[in-house]
Amino acid sequence: MDLGLLTYNRPEKATYNFTNTGTHPLIIYHVTASCGCTEVEWPEKIIRPEKTGTITVTYDAAHQGRFRKTVYVHANTKNSPIELTLKGTVEGL
């Protein structure tokens, strides 16, 4: 997800929405980020078939310049962990 231009030292949230298209419940065991500058929240651990879920990522924007961060979603899927990418540019003062 491209966040575009961000303001220095102003945290920015991004929300990933997804649907369980499988026939079994999707179980999210944990979600990790590639650095401490990114926080993740996932309120629902089990997503039933045909139901939707969200993962919210907050980037702290404490460093100026371009960034690219990865969030890893560990779940009961064959392709786990699933990688979510967050990128953008933090502008100076």
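Values quoted throughout were computed directly from the atomic coordinates according to the rules given, and no laboratory measurement underlies them. As the structure is a prediction and not an experimental result, all values here were calculated from the model. Using ideal geometry, Cβ is built from the backbone for each residue, glycine included, and neighbour counts are taken over all protein chains shown.
Among residues other than residue 70 whose Cβ falls under 12 Å from its Cβ, what is the net charge (Lys/Arg +1, Asp/Glu -1)?
+2
Say the dipole of the chain comes from +1 at the beta carbon of Lys and Arg and -1 at that of Asp and Glu; which of 89, 58, 21 then lies farthest toward its positive end?
Farthest along the dipole direction, towards plus: 21.
Add +1 for every Lys or Arg and -1 for every Asp or Glu among the other residues with Cβ under 13 Å from the Cβ of residue 28, and state the total.
Counting the neighbours of residue 28, the net charge comes to +1.
Output the direction-averaged projected area (hull surface divided by four) of the convex hull of the alpha-carbon atoms of the chain, in nm².
Orientation-averaged projected area of the Cα hull: 5.7 nm².
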